[in-house]
Amino acid sequence: MATGIGLIYVGCVLLINGIGMLQKFDGKALAIMNFFTGGREVLEPMKKSL
């Protein structure tokens, strides 16, 4: 389960993605942040379970 801080972080990333789509940002620029967020949300629970 994601922590509260993780959910806030994901919400901010979704907001930035929405603004980026409206402003026609380059998808590659947004992809870096998306991969970091996804990786964090996968690895953080795994780290806590060990």
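The values are calculated or read from the model by the stated rules, or taken from the named source; none is laboratory data. Since the structure is predicted, the reported quantities are computational estimates derived from the model, not experimental observations. Cβ sites come from the backbone with ideal geometry, for glycine too, and all protein chains shown count toward neighbours. Remember, those area values only see protein heavy atoms, side chains included, never the ligands or the DNA or RNA. Shrake-Rupley method; radii C 1.70, N 1.55, O 1.52, S 1.80 Å.
List of remarks:
- Filtered by the rule that a residue be of a type in the set (Gly, Ala, Ser) and either open to solvent by 50 Å² or more (accessible area, probe 1.4 Å) or on the phi > 0 side of the Ramachandran plot (or both), the range 28-46 gives a lone residue, Ala29.
- In the range 1-27, the residue that is surrounded by the fewest Cβ atoms within 10 Å (Cβ to Cβ) out of those that are among the aliphatic types (A, V, I, L, M) and touching a residue at least 24 places away in the same chain (Cβ under 8 Å) is Met1.
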